Amino acid sequence: MTLPFMEIFKEWASDYDNAVFGQNPEYYDVFVNYDFMLREAAKKAEGKVLEFGPGTGNLTNLLLAKGLDVIPVEPSDEMRAIGENKTGVEFVKGDFLNFNVDQVDTIITSYAFHHLTDEEKLIALKKYKSILTENGKIIILDTIFNSKEEKQQMINHYELLGYKSLVEDLNREYYPLKETMEDIARISGYDYTSQQMNRFAHLQVLTHKKFLKPLDLVGNTPLVELTNFELNKGVRLFAKLESYNIGGSVKDRLAFNLIQSAIDHGEIRDEVVEATAGNTGIGLALACLQHDLQLTVFVPEKFSVEKQQLMKALGANIIHTPTEKGMTYAREQAEQYAKDNNAYYTNQFENLSNPLSYDQLAQEIQADVGKVDMIVAGAGSGGTFEGLARHFKEAHKVIVEPEGSILSCGEVGNHRIEGIGVEQWPVFLSKSNIDVVESISDEDGFQMVTELAKNEGLLVGSSSAAALCAALKQAQHVTDKNIVVIFPDAAERYISSNIFNIN
Ligand SMILES: Cc1ncc(COP(=O)(O)O)c(C=O)c1O
């Protein structure tokens, strides 16, 4: 701290409390709501706290009353004496740039940061990066200005009132613009928020800027409105684009949840096994990667080559089963493998955690759409539909299958629509949650894949297109409704099976 400031502190020390508690008319507006502002600042402090420029200890007392471990660092001898007397704790001699502390959870300061030039503010914030814990924060309560014009108007205003000391203060000290503070915070690697507390003061909070890791990218997928299909009056059609998950499908939600809950229950040793058409396998391969586990998957040969290559690329071991023996055989093989090799069988078709994996999906939809009148989802294991149906109890719930699936009492048969269709009733799928089953033919499904690309610019897999066919059929009977359709994955993983029927 420079010498002129030290002289100012000397003068200020004895008058400081008069000013902050409203006795000095020149500083009345600066300190309006002082008590409230300090309480709000103290509320945000946590853990071990480093307080810079505690002055006469008013904020320090609030932090101590919260039971926090506080290190007050104050350059002025006069202030330190008053502060120590008022708080009963030792004030360390030092300042924003000169201190000797290792790791703290909070750095806090009130009405002092403006003593630093903007350049010094930047140096200080960079320095704090290394002593702040990962979830730590910097709390700055101080005067900042919303614009240059505002600052000048204030100076003119108080000049007219004859407030000499205040005007001198505003011209001498380094009260920054809000945008400058934002820049300084951003450049030094923080996220910045500020809340205006009175005409002068803003309560600013800086936290370490956090970056996601690839495997954090599960969930929070986009919801889009489809506007290029003809709909009855007041009907709005929304599609949840699950291809935006890191593994490219809705099944990432299932895979990450199944692996996490098995780990939480101590059920996994070092290998995981599953029977899958592919998307679950990709999700599981990613989840296994995150936890350093080996994955083996049993896949009926007919399923998309792309999905199988992606699983392999992610480190999975693939065992093919004959197409004609269907998914039931693949499941039996996976179960036997688990027994023989002491592996954990995730068993998506019977695992009661399956539907629970879609709680967050339901919440995301609820948050985006608000009132959901109709929900439309396909069934492979039935988990997506059941999870959503349990949440959207009041909605009209439409489950979608391809022809050749048994939900509407049809016979098991071949179909090209991939990812949906069941050979036996899924254990967790409750009949009472289903309002309608829509069976979609391969022909209608694949035609819709092409229409969706041309009409909406959406490149989706055949189960998404089938779900949309079902939604459009049901939409014919209603007006003024919000309809949400789940689009489980994208077209690119089906190019080799000629999804667009292009030669
Ligand atoms: C492309 C695709 N669509 C839909 C589904 C059906 O999801 P669920 O198993 O939750 O019924 C799956 C499941 O594998 C899928 O891969």
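The values are calculated or read from the model by the stated rules, or taken from the named source; none is laboratory data. Here the structure is a predicted model, which means the values were calculated and not measured. A quick note on method: Cβ atoms are made from the backbone with ideal geometry, for glycine too, and the neighbour counts reach across all protein chains shown. Surface areas here come from the heavy atoms of the whole protein model, side chains and all, with no ligands, DNA or RNA. Shrake-Rupley method; radii C 1.70, N 1.55, O 1.52, S 1.80 Å.
Kindly list the number of the only condition in (1) assigned to a helix (DSSP H, G or I); (2) open to solvent by 50 Å² or more (accessible area, probe 1.4 Å) that fails for Glu394.
Unmet condition: (1).
Report every pair of residues separated by at least 6 positions or lying on different chains whose Cβ atoms are under 8 Å apart, first residue within the range 275-298 and free of Cβ contacts under 8 Å to residues at least 12 places away in the same chain, second crowded, with 24+ Cβ neighbours inside 10 Å and not β-branched (Val, Ile, Thr).
If the second residue must be crowded, with 24+ Cβ neighbours inside 10 Å and not β-branched (Val, Ile, Thr), no pairs are left.
Table: residues versus (1) within 12 Å of the ligand (Cβ to nearest atom); (2) more than 24 Å from Ser439 (Cβ to Cβ); (3) not assigned by TED's automatic domain parsing to the domain that holds Glu271.
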| residue | (1), (2), (3) |
| --- | --- |
| Asp340 | no, yes, no |
| Gln348 | yes, no, no |
| Glu364 | no, yes, yes |
| Gly370 | no, yes, yes |
| Glu394 | no, yes, yes |
| Ile399 | yes, no, yes |
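Anything in the range 240-282 that is more than 13 Å from the ligand (Cβ to nearest atom) and open to solvent by less than 10 Å² (accessible area, probe 1.4 Å)? List them, or say none.
Of everything in the range 240-282, those that are more than 13 Å from the ligand (Cβ to nearest atom) and open to solvent by less than 10 Å² (accessible area, probe 1.4 Å) turn out to be Ile259, Ala262, Val272, Val273.
Can you give me the ranges of the strands (runs of 3 or more DSSP E) entirely in the range 170-244 with at least 2 residues that are in contact with a His (Cβ under 6 Å, 6 or more places away or on another chain) and not basic (Lys, Arg)? Walk me through it before giving the result.
Working: elements: 190-196, 201-208, 223-226, 236-241.
The qualifying strands (runs of 3 or more DSSP E) are 190-196.
Considering every residue within the range 407-414, establish whether at least one is under 22 Å from Gly283 (Cβ atoms) and either assigned by TED's automatic domain parsing to the domain that holds Thr479 or crowded, with 20+ Cβ neighbours inside 10 Å (or both).
No, because not a single residue in the range 407-414 is under 22 Å from Gly283 (Cβ atoms) and either assigned by TED's automatic domain parsing to the domain that holds Thr479 or crowded, with 20+ Cβ neighbours inside 10 Å (or both).
Can you spot a residue in the range 312-332 that is open to solvent by less than 70 Å² (accessible area, probe 1.4 Å), among the hydroxyl-bearing types (Ser, Thr, Tyr), in contact with a Lys or Arg (Cβ under 9 Å, 6 or more places away or on another chain) and over 30 Å from Arg390 (Cα atoms)?
Looking for residues that are open to solvent by less than 70 Å² (accessible area, probe 1.4 Å), among the hydroxyl-bearing types (Ser, Thr, Tyr), in contact with a Lys or Arg (Cβ under 9 Å, 6 or more places away or on another chain) and over 30 Å from Arg390 (Cα atoms), one finds at least one in the range 312-332, hence yes.
Taking the residues in the range 401-415 that are closer than 13 Å to Gly326 by Cα and in a loop (DSSP other than H, G, I, E, B) as candidates, determine which candidate is nearest to the ligand (Cβ to nearest atom). Full working, then the answer.
Of all residues in the range 401-415, those closer than 13 Å to Gly326 by Cα come to 404-405, 412-415.
Those still in the list that are in a loop (DSSP other than H, G, I, E, B) too: 404, 412-415.
Details: Gly404: 15, Val412: 16, Gly413: 18, Asn414: 17, His415: 12 Å.
Selected residue: His415.
Could you pull out the residue among Leu217, Leu226 that is touching a helix residue (DSSP H, G or I) at 6+ places or on another chain (Cβ under 6 Å) and either more than 16 Å from the ligand (Cβ to nearest atom) or outside the structural domain of Gln363 (by TED's automatic domain parsing) (or both)?
Within the list Leu217, Leu226, the selection yields Leu226.
For the range 103-118, give me each residue that is of a type in the set (Asp, Glu) and part of a strand (DSSP E or B).
If the condition is that a residue be of a type in the set (Asp, Glu) and part of a strand (DSSP E or B), then Asp105 is the only one that fits.
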